[in-house]
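> This is the structure, below, for whatever I ask next.
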Amino acid sequence: MDKKIEKKTWSQKKMLTLAGIIFVLILSFFGLQVFNKKIYKVEASKISVKKAFEGDFQDVILIDGDVEPINLVLVNTLEGGTVDEVFIENGVNVEKGTPLLRLSNPSATLGYMNQETAIVEQINNLRSLKLSLEKDQRDLKESLIDSENSLAEVQRNYKVDSVLYSKDIIARNDFIERQESYKYFKNKRDFMKTNVVKSTQDNLVQIDQINTSISLMQRNLNLIRENIEKLLVRAPISGMLSSFDPDIGESYSKNQTVAKIDVQSGFKVKGLVDEYYLSSVKPGQLANFSFNGELLNLKVNKVFPEVKNRKFEIELVFENEVPKDITIGQSVQVRLELSKSKKSIMIPRGNYFQASGGQYVFVLDGKGEAHKRYIKLGNQNPSFYQVLEGLSANEEFISSSYDDFKNYESIKINQ
């Protein structure tokens, strides 16, 4: 006989357990909502309130700058060595060519002296060769003169004997001998004359080459003497000497800067800017700084794109006359304008930014409470943030620190 299998049903215990779990979940959910909506109470005296407003916003950054001469010339060593003598002090006005210091470099000096000796010896040898060629040329010309003189004498005798021979006064053999003698001296004269002409041409070419070689060697000799003179460092231009502090025995390498000379033709400002703004800073942008209660206008003249220690350098020049009290080396804080001003909603900078990251502010509702509201910020300058979304002009918000209530949605402000 088949046994009937009864279908199992939920027991009362299981149903109660399930209902309890659901109740706990619902209670937790509503409890969390209540927690999230709880209000933080704060005394009005412990917070600061600022107002959003509409105005002309300008993207500006602050940079530190140093006043420098607009025309600064570096004084570099032309030859390496150790300081042997110092002729002048830092901070004085110098004229072009004024000796500043003398370096000592025995090894280089000895090398230059050896080169100088060798070149002088070569110049002397060439000059001796030139004198020898000129003497040979004079000897040849002298021999030619002697030959011309001998020929003239033989020619006279030959003419006399020709007349005597035609009258049968002298013998034929004597006449023929005189005739042969005349031909000999004439041929000798002609040969010597040709030789003198050719020799003169050759000597002129060789002497010209010798003169050229002597000139080149003399130039090299002058360069060597100039190199020796390079151990004496002179002012390359007139102006005020600065950054000049050598010590006797101090070593300098070749082309090392030993001083600067301010030509005193004006001033400029050198400043360092964070690399973040490298693409935003261009020549021609305006800037200013306050000096003795006066606002001085500047303009970006040069941008040096090389980044060092996460900063790049810019050069600014004054747009107007520079006050007399401005001095070289003075540090100033420059406001650099990155954009032109435009109408925007703005809020003042404050401690609220550290906790909110600029993502929200607590906005007052006019009923003694402030509520968290998410906003969107744009650019910033040293005084204000540009508000793109989330706030309207004249709305008030808490501008002091949010550290105590950043996890709350609303704040009750007790008067």
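> ASN93's amide H: which non-local residues (gap 5+, or another chain) put their own amide H closer than 5 Å, with H modeled 1.01 Å from N in plane and none for Pro or chain starts?
Amide H neighbours of ASN93, under 5 Å, 5+ apart: LEU241.
> Test of the criteria: in the range 141-188, which trypsin sites (Lys or Arg not before Pro) are in a DSSP loop and have at most 13 other Cβ atoms within 10 angstrom of their Cβ?
LYS167
> Under 5 Å between amide H atoms, partner at least 5 residues away or on a different chain: which partners does ILE70 have, H built in plane at 1.01 Å?
Under 5 Å from the amide H of ILE70 lie the amide H atoms of SER265, GLY266, PHE267, LYS268, each far enough along the sequence or on another chain.
> Now for a different question. Any idea how far apart LYS135 and SER392 come out in nm if each label point goes 7 Å out from Cα toward Cβ?
That separation, rounded to one decimal, is 11.5 nm.
> Candidates (1) 1.13; (2) 0.99; (3) 2.37; which is the computed Cα Rg over 2.2 N^0.38 Å?
(3)
> Restricting attention to the range 241-325, which trypsin sites (Lys or Arg not before Pro) occupy a DSSP loop and are surrounded by at most 12 other Cβ atoms within 10 Å?
Those that pass, being in a loop and sparsely packed, are ARG310, LYS324.
> Stokes-Einstein D for the range 88-137 at 10 °C, 1.306 mPa s, Kirkwood Rh over Cα pairs, in µm²/s?
106
> Here is the link list: LYS41/LYS342; LYS38/LYS343; LYS302/LYS340; LYS135/LYS183. Which ones come out longer than 31 Å on Cα distance?
The answer is LYS41/LYS342; LYS38/LYS343.
> Summing -39500 (n - 2.57) over the DSSP H runs of n ≥ 4 in the chain and dividing by its residue number, what mean residue ellipticity at 222 nm do you reach, to the nearest 500 deg cm²/dmol?
Using -39500 (n - 2.57) per qualifying helix, the result is -13000 deg cm²/dmol.
> Here is a further query. Restricting attention to the range 59-122, which GluC sites (Glu not before Pro) occupy a DSSP loop and are surrounded by at most 12 other Cβ atoms within 10 Å?
Loop-located and lightly packed - GLU89, GLU95.
> Once phi is turned into ³J(HN,Hα) by the Karplus curve 6.51 cos²θ - 1.76 cosθ + 1.60 with θ = phi - 60°, what whole-Hz value does each residue of the range 252-263 show in order, with x for glycine and proline?
After applying 6.51 cos²θ - 1.76 cosθ + 1.60, I find 10, 8, 5, 6, 8, 6, 10, 6, 10, 10, 8, 6 Hz.
> With the other protein chains left in place, how much accessible area per residue, in square angstrom, belongs to the range 285-375 at a 1.4 angstrom probe?
59
> Determine the alpha carbon to alpha carbon distance for each of LYS270/LYS299; LYS141/LYS186; LYS51/LYS282 and list only those over 22 Å.
Correct reply: LYS51/LYS282.
> What's the carbon and sulfur percent of the chain's accessible surface, probe 1.4 angstrom, rounded to a whole number?
Summing carbon and sulfur atoms, their accessible area is 51 percent of the total for the chain.
> A further question follows. Quick check: pseudo-label points 7 Å beyond the Cα along Cα→Cβ at VAL322 and SER253, how many nm apart are they?
With each label placed 7 Å out from Cα toward Cβ, I get 3.2 nm.
> Still on this structure, please answer the following. How far, in nm, would the chain grow between ALA118 and GLU180 when pulled straight, counting 0.36 nm per residue and subtracting the alpha carbon separation?
Stretched out fully, the ALA118 to GLU180 stretch lengthens by 16.7 nm.
The values are calculated or read from the model by the stated rules, or taken from the named source; none is laboratory data. If you're wondering where the values come from, they're calculated on a predicted model, not measured in any experiment. No Cβ is skipped: glycine too gets one built from the backbone with ideal geometry, and neighbour counts run over all protein chains shown. Protein only, heavy atoms only, side chains kept; ligands, DNA and RNA dropped before computing areas. Shrake-Rupley method; radii C 1.70, N 1.55, O 1.52, S 1.80 Å.
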